[in-house]
Amino acid sequence: MKRLNNLYSRIYDIRNLELADAIARKGKGDQIGVRKHDLNGEKNIVDLHNMLKSKSFVTSRYTTFTIYEPKEREISRLPYFPDRIVHHAVMNVLEPIFVSVFTADTYSCIKSKGIHAAQRALRKALQDRDGTIYCLKLDVKKFYPSIDHVILKSLLRRKIKDGDLLWLLDGIIDSAPGVPIGNYLSQYFANFYMSYFDHWIKERIGVKYYFRYADDMVILSDCKEHLHQLLYEIRSYLCTNLKLSIKENYQVFPVASRGIDFVGYRFYHTHTLLRKSIKKSFARAVAKGKSRESIAAYIGWAKHADCRNLVKKLTNENL
């Protein structure tokens, strides 16, 4: 694999920092951090350019808060200037490099991928009924907090040899335990961390039907025993190579009788439904008289499933 050099100067280039600022602020113009930055916007960009060029940039202190939907998680947040601009400046250069390493079977936080691309791919796979009789469903225990800094840095060095860029990435990685949920760079670090596992399971093990969204994985097969053996091999690989462990709620089950709960849907060979919790939230929103704009997202989800009757019942509209 070719290792890439001479990337760092592209990141601190004034034009790239201005582009990063423009991208980072989209839809966030009223946030206090953006407004504060705009008071001295041009000077801040020049200062940031100089900090990066001189390698005096240091990641700021995080603030944290907790969210409870869809599950309880601690979210970390950095100030808009300089950190969030820096993260976007890095990704303006590194995104195509990261994406070039990813397999076609990972879907989270990637342009032109996402939830609905994963949904379409899984539905297509389930057309092969004989090859998708059984499902192995598993995810990683405390994925983001468990990402090992030494391993992540080692993986980055497989692809990048620019020492100045590695200095910047190392500093961002070491600024918090694990990989903080909420950082723009974190979603790419997490995907990259799992990318060599993806290649192993597809190319070395030869799994045909494999789908990963962040740490949530679905594998399909015509043989239950094969999936149990594969579970053993996956557990060993993750532990040995990535210091990750699988949650104990993994499942091996027949698709026809239970369906596959993945990316907000429940998949069967013959049809796809909304996840029960999303359907309930949809019904509650309608019952509370929420505006059309408020329930538009639920209708959008339903359009990708076999939910015409549900939408008709709740909204009196046809999909």
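The values are calculated or read from the model by the stated rules, or taken from the named source; none is laboratory data. Computed from a prediction, not measured in an experiment: that's the story for all the values here. Neighbour counts run over all protein chains shown; Cβ positions are idealised from the backbone, glycine included. Heads up: the accessible areas ignore ligands, DNA and RNA and are worked out on the full protein's heavy atoms, side chains in. Shrake-Rupley method; radii C 1.70, N 1.55, O 1.52, S 1.80 Å.
Residue check: is Tyr232 in contact (Cβ under 8 Å) with a residue 40 or more places away in the chain, out of contact with any helix residue (DSSP H, G or I) (no Cβ under 6 Å at 6 or more places or on another chain), farther than 21 Å from Cys109 by Cα and of a type outside the set (D, E, K, R)? It is false that Tyr232 is in contact (Cβ under 8 Å) with a residue 40 or more places away in the chain, out of contact with any helix residue (DSSP H, G or I) (no Cβ under 6 Å at 6 or more places or on another chain), farther than 21 Å from Cys109 by Cα and of a type outside the set (D, E, K, R).
The set of residues in the range 28-42 being open to solvent by 50 Å² or more (accessible area, probe 1.4 Å) and within 20 Å of Val90 (Cα to Cα) consists of Lys28, Glu42. Considering the range 260-312, the residues that are modelled with pLDDT under 85 and basic (Lys, Arg) include one that is surrounded by the most Cβ atoms within 10 Å (Cβ to Cβ), namely Lys290.
Against the conditions (1) assigned to a helix (DSSP H, G or I); (2) open to solvent by 50 Å² or more (accessible area, probe 1.4 Å), Leu156 satisfies every one except (2). For the range 74-104, filtering for residues that are open to solvent by 20 Å² or more (accessible area, probe 1.4 Å), among the acidic types (Asp, Glu) and under 21 Å from Lys153 (Cα atoms) leaves 1. For Ala176, the conditions (1) over 16 Å from the mean Cα position of the chain (by Cα); (2) of a type in the set (Gly, Ala, Ser); (3) not in a loop (DSSP other than H, G, I, E, B) all hold with the exception of (3). I'm checking my understanding of the structure. Among residues of the range 105-147 that are modelled with pLDDT of 95 or more, open to solvent by 20 Å² or more (accessible area, probe 1.4 Å) and of a type in the set (S, T, N, Q), which one is farthest from Asp170 (Cα to Cα)? The extreme case among them is Gln127. All but one of (1) in contact with a strand residue (DSSP E or B) (Cβ under 7 Å, 6 or more places away or on another chain); (2) loosely packed, with under 12 Cβ neighbours inside 10 Å hold for Leu4; which doesn't? With (1) in contact with a strand residue (DSSP E or B) (Cβ under 7 Å, 6 or more places away or on another chain); (2) loosely packed, with under 12 Cβ neighbours inside 10 Å applied to Leu4, the lone miss is (2). Residue selection: Thr66 satisfies the criterion of being hydroxyl-bearing (Ser, Thr, Tyr) and more than 17 Å from the chain's Cα centre (by Cα). Number of residues in the range 57-104 that are over 20 Å from Asp47 (Cβ atoms), among the hydrophobic types (A, V, I, L, M, F, W, C) and touching a strand residue (DSSP E or B) at 6+ places or on another chain (Cβ under 9 Å) equals 5. The requirement of being at pLDDT below 95, in contact with a strand residue (DSSP E or B) (Cβ under 9 Å, 6 or more places away or on another chain) and not aliphatic (A, V, I, L, M) is fulfilled nowhere in the range 16-29; no residue meets it.
Quick one: is Arg275 in contact with a Gly (Cβ under 7 Å, 6 or more places away or on another chain) and within 21 Å of Phe262 (Cα to Cα)?
For Arg275, the condition - in contact with a Gly (Cβ under 7 Å, 6 or more places away or on another chain) and within 21 Å of Phe262 (Cα to Cα) - is met.
Only one entry of Thr66, Thr59 meets the criterion of being exposed (fewer than 14 other Cβ atoms within 10 Å of the Cβ) and either more than 30 Å from Tyr196 (Cα to Cα) or modelled with pLDDT of 95 or more (or both), and that entry is Thr66.
For the residues Tyr237, Tyr210, the requirement of being open to solvent by 10 Å² or more (accessible area, probe 1.4 Å) and not in a loop (DSSP other than H, G, I, E, B) singles out Tyr237.
Kindly provide the set of residues from the range 83-130 that are acidic (Asp, Glu), touching a helix residue (DSSP H, G or I) at 6+ places or on another chain (Cβ under 9 Å) and outside any helix (DSSP H, G or I), ordered by number.
Asp105
Taken together, the residues in the range 9-56 that are more than 14 Å from Pro79 (Cβ to Cβ), acidic (Asp, Glu), over 26 Å from the mean Cα position of the chain (by Cα) and in a helix (DSSP H, G or I) amount to 1. Kindly check whether there is at least one residue in the range 17-26 that is open to solvent by 30 Å² or more (accessible area, probe 1.4 Å) and in contact with a Leu (Cβ under 9 Å, 6 or more places away or on another chain). Among the residues of the range 17-26, not one is open to solvent by 30 Å² or more (accessible area, probe 1.4 Å) and in contact with a Leu (Cβ under 9 Å, 6 or more places away or on another chain), which makes the answer no.
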